[in-house]
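The values are calculated or read from the model by the stated rules, or taken from the named source; none is laboratory data. The structure presented is a predicted model; accordingly, all values stated were derived computationally and were not measured. Glycine gets a Cβ as well: all are built from the backbone with ideal geometry, and neighbour counts include every protein chain shown.
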Amino acid sequence: MEREEFLSKLGIGALAVCMGCSMVACSKSGNANPSNNNVNTPPAGTTFSVDLGSSLTAVGDSKISNGIILVRIASGNAISSFTAVQVACTHEGTAINYNNSQGLFICPLHGSEFSKSGALIQGPATTSLKQYTVAIAGSTLTVTV
Ligand code: FES
């Protein structure tokens, strides 16, 4: 049985199938709702570990994993030497970058800017990035959502 014949027997036309496809595509596109940045944040329980002996050795170094961007913002291995925020911009979900010379997270798509702690500085985004807890044990840094 051909697909078209099968769908016809079910009473589903090609238009309905296409509408379903486009509706799925819309729901997976970026977060166009700036009032709800939960859409672009990693799920609770997400962790991200880094060996500080070999990673993030220079101020400004960053690493992205599991929807989180982790950045060394100062020398030493104190918790305050690092910041971790959601990597998805709260405007439309584009991955942000850390600009070390400006000390800001900047979205490359429309230019929203966020502080080291993720606070909104400049739109078009209207909400801050979520910041996550950093813990250090020995030479292992772990970010927990
Ligand atoms: S996606 Fe528009 S400013 Fe980031």
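The table that follows gives values for the structure above.
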| quantity | calculated |
| --- | --- |
| Residue identified as more than 16 Å from the ligand (Cβ to nearest atom), part of a strand (DSSP E or B), more than 10 Å from the chain's Cα centre (by Cα) and not basic (Lys, Arg) among VAL59, VAL71 | VAL71 |
| Of all residues in the stretch 84-132 being of a type in the set (A, V, I, L, M) and assigned to a loop (DSSP other than H, G, I, E, B), the one that is farthest from the ligand (Cβ to nearest atom) | ALA119 |
| Residue under evaluation ASN99, criteria (1) in contact (Cβ under 8 Å) with a residue 40 or more places away in the chain; (2) loosely packed, with under 15 Cβ neighbours inside 10 Å, criterion not met | (1) |
| Test result for SER65, under 15 Å from ILE136 (Cβ atoms) and hydroxyl-bearing (Ser, Thr, Tyr) | no |
| Exclusive hit being modelled with pLDDT under 95 and surrounded by 14 or more Cβ atoms within 10 Å (Cβ to Cβ), set THR83, THR46, THR127, THR90 | THR46 |
